Amino acid sequence: MRITQIITIVLLVFIPIGAHCQTFEFRHTANTQYRIISVASQDVYYNGILSHRGETLNRIMVQVTDVVNGRGVHNAVFQTSDRMFYSSPYRLGENVSVYNWSREYSSVFERDRFGTLTIAPQYYMPVKRNVPVFPNRNLNAGDRWSVDGYEVHDFSDAFGIAQPYVIPFRANYQYIGERLYREIAYPAITVNYRIEYSPAPVRGAIYPVNIEGEFDQVIYWDRSIGQPRAQDERFRITFVLSNGHQIEFRGTSLSELVESPIMNRDRLVQEITGEIGRLGLGDVNVRAVEEGVSISLENIQFYANSQRMLPGEQEKLDRIAAILNRYRDRDIMVSGHTALAGTEEERMILSQTRARSVADYLITRNVRTAERIVVRGFGAEKPLPDADNNTEEGRRRNRRVEITILEN
């Protein structure tokens with residue numbers, strides 16, 4: 001189980017009123033896009049005993065599709081990936097350095113210029129709602145205000161609760177003037193709230209009977225782009241469950257906004273295809289896909305039923321790494337694929353571990369940091385359109401690893 005800490009999706013405008021007086025409003029511009037990268041590090045305690053340490057990587061891709069009466073219409077995709085670190089000697093082998101894809105959510109919502117959110121109840125994301133909300137007045141450094149907000153969580157896997165789970169709170173704000181983030185001064189706003197909540201029972205295998213938490217955040221806003229550059233947070237939240245057990249999460253999260261220009265996929269495919277031809281790489285193909293541009297390493301060689309690559313395969317990856325380094329402003333996804341041998345579960349595990357092996361190698365070559373690579377296994381779910389698993393040639397091509405340069 002985990003609690004995903006997601007940065008609030010915000011667009012702010014900064015209007016100077018005087019030397020120490022500012023007005024904050026939300027500004028929305030149609031047909032723009034950006035992404036937010038958020039990493040939450042947390043310790044998970046079960047009945048007071050440390051169970052494990054983990055990290056959740058959130059990639060949030062946002063498009064502002066329209067502006068209606070000052071309200072921005074946002075289409076967003078939230079991708080979550082995890083990696084775990086166990087202190088138990090019995091589970092050390094499960095520790096991984098890369099982030100494994102976990103879940104993807106889509107969401108559509110509107111914000112008005114002061115921050116109030118309008119969203120249908122079926123959406124799980126964003127987690128934090130009506131944070132921040134600004135008062136309709138000029139603010140001096142030190143000014144405070146409070147507004148009701150709420151969190152929404154997906155407890156379907158953990159507790160069997162089918163509907164989005166709502167936790168209310170009252171957020172307290174303070175405009176604190178300028179603060180340094182990565183040695184640059186930004187206008188900063190603190191947000192903190194405490195949760196003391198005894199919810200009504202809900203339908204599920206088990207359910208929370210008491211929730212307590214503390215959250216302290218700082219938003220750093222960049223004047224030059226008119227948006228928050230980053231947000232950091234410290235959090236603690238404890239769930240007392242209907243079965244008498246207790247789960248506590250303690251940790252920190254850091255989120256940063258990354259500007260995201262539109263990708264020219266056709267041109268990128270041509271460039272990479274030409275470079276692959278020049279390098280003489282066989283069994284490597286490039287195509288545009290929904291997520292961006294995919295480099296397919298067909299028939300990549302591993303030892304039988306293993307994630308260890310055969311000699312010579314790393315040399316191929318070194319050449320691919322040189323190509324990826326030309327597009328360092330884009331994150332990548334490494335996905336593993338198999339033919340139809342073995343059970344569905346075996347195929348899924350094998351595809352994940354082989355993708356992880358390739359991603360780990362790319363990290364050692366400084367192609368990307370771990371936070372900018374997502375690993376996903378598909379088993380035999382996605383055969384190539386022109387590769388039939390009923391033939392040996394088709395199976396050979398479907399035993400592949402794909403490295404996708406992501407659009408957003």
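The values are calculated or read from the model by the stated rules, or taken from the named source; none is laboratory data. Here the structure is a predicted model, which is why all the values come from computation and not from measurement. Cβ coordinates were reconstructed from backbone atoms using ideal geometry, including for glycine residues, and neighbour counts include every protein chain displayed. Each accessible area value is taken on the protein alone, full model and side chains, heavy atoms only, with ligands, DNA and RNA left out. Shrake-Rupley method; radii C 1.70, N 1.55, O 1.52, S 1.80 Å.
Going through V202, V240 one at a time, which residue ends up being at pLDDT 95 or above, more than 27 Å from the chain's Cα centre (by Cα), over 30 Å from D318 (Cβ atoms) and open to solvent by 10 Å² or more (accessible area, probe 1.4 Å)?
Values: V202 fails: at pLDDT 95 or above.
One residue alone meets the criteria, V240.
Show the residue pairs that are 6+ apart or on different chains and have beta-carbon atoms under 6 Å apart, the first residue being within segment 327-338 and among the hydroxyl-bearing types (S, T, Y), the second being open to solvent by 20 Å² or more (accessible area, probe 1.4 Å) and in a strand (DSSP E or B).
S335/R376
Within the group E214, E196, which residue is surrounded by 14 or more Cβ atoms within 10 Å (Cβ to Cβ), assigned to a strand (DSSP E or B) and charged (D, E, K, R)? Before the answer, list the steps.
Values: E196 fails: surrounded by 14 or more Cβ atoms within 10 Å (Cβ to Cβ).
Result of the check over E214, E196: E214.
Going by the conditions given, is N389 at pLDDT 90 or above and not basic (K, R)?
no
Please verify whether segment 380-397 includes one or more residues that are among the β-branched types (V, I, T) and open to solvent by less than 50 Å² (accessible area, probe 1.4 Å). Let's see the steps before the verdict.
First pass over segment 380-397, keeping only residues among the β-branched types (V, I, T): 391.
So of that shortlist, the ones also open to solvent by less than 50 Å² (accessible area, probe 1.4 Å) come out as none.
The answer is no; no qualifying residue exists.
Among the residues of segment 40-53, count how many are open to solvent by less than 30 Å² (accessible area, probe 1.4 Å) and at pLDDT 90 or above. Before you say what the answer is, go through the steps one by one.
Step one: of segment 40-53, the residues open to solvent by less than 30 Å² (accessible area, probe 1.4 Å) are 40, 42, 44, 52.
In the following step, the residues that additionally are at pLDDT 90 or above were identified as 40, 42, 44.
The qualifying residues number 3.
Please verify whether Y220 is out of contact with any Phe, Trp or Tyr (no Cβ under 7 Å at 6 or more places or on another chain) and buried (at least 18 other Cβ atoms within 10 Å of the Cβ), treating the condition exactly as stated.
Values: out of contact with any Phe, Trp or Tyr (no Cβ under 7 Å at 6 or more places or on another chain): no; buried (at least 18 other Cβ atoms within 10 Å of the Cβ): yes.
Taking the combined requirement at face value, the residue does not satisfy it.
Only one of (1) within 23 Å of the chain's Cα centre (by Cα); (2) free of Cβ contacts under 8 Å to residues at least 24 places away in the same chain; (3) assigned to a loop (DSSP other than H, G, I, E, B) fails for N136. Which number is that?
Result: N136 fails condition (1) only.
Restricting attention to segment 153-170, which residues are buried (at least 16 other Cβ atoms within 10 Å of the Cβ) and touching a Lys or Arg at 6+ places or on another chain (Cβ under 9 Å)?
Hits for segment 153-170 are D154, A158, I161, F169.
Mind telling me which of the residues R71, R83 ends up being at pLDDT 90 or above, among the basic types (K, R) and open to solvent by 20 Å² or more (accessible area, probe 1.4 Å)? Even if it seems obvious, please write down each step before you answer.
On the way: R83 fails: at pLDDT 90 or above.
From the options R71, R83, the qualifying one is R71.
With the condition kept exactly as written, say whether any residue in segment 128-138 is of a type in the set (D, E, K, R) and closer than 15 Å to E25 by Cβ.
Of all residues in segment 128-138, those of a type in the set (D, E, K, R) come to 128-129, 137.
From what's left, closer than 15 Å to E25 by Cβ: 137.
Yes, because at least one residue in segment 128-138 is of a type in the set (D, E, K, R) and closer than 15 Å to E25 by Cβ.
Do you know which of the residues in segment 380-408 that are assigned to a loop (DSSP other than H, G, I, E, B), under 29 Å from M84 (Cα atoms) and among the charged types (D, E, K, R) is nearest to the chain's Cα centre (by Cα)?
From segment 380-408, those assigned to a loop (DSSP other than H, G, I, E, B) are 380-391, 399, 407-408; that's our starting set.
After this cut, where a residue has to be under 29 Å from M84 (Cα atoms) as well, the list is 380-382, 399, 407-408.
Next cut, among the charged types (D, E, K, R) only: 381-382, 399, 407.
Working: E381: 23, K382: 23, R399: 27, E407: 14 Å.
The residue in question is E407.
Return the residue satisfying two criteria in turn: it lies in segment 145-192 and is hydrophobic (A, V, I, L, M, F, W, C) and touching an Asp or Glu at 6+ places or on another chain (Cβ under 6 Å), and of such residues it is farthest from N210 (Cα to Cα). Reasoning before the result, please.
Within segment 145-192, the first condition is being hydrophobic (A, V, I, L, M, F, W, C), and the residues that meet it are 145, 147, 152, 155, 158-159, 161-162, 166-167, 169, 171, 176, 180, 184-185, 188-189, 191.
Among the residues that remain, those that are also touching an Asp or Glu at 6+ places or on another chain (Cβ under 6 Å) are: 167, 185.
Values: I167: 11, A185: 40 Å.
Applying the filter and picking the extreme gives A185.
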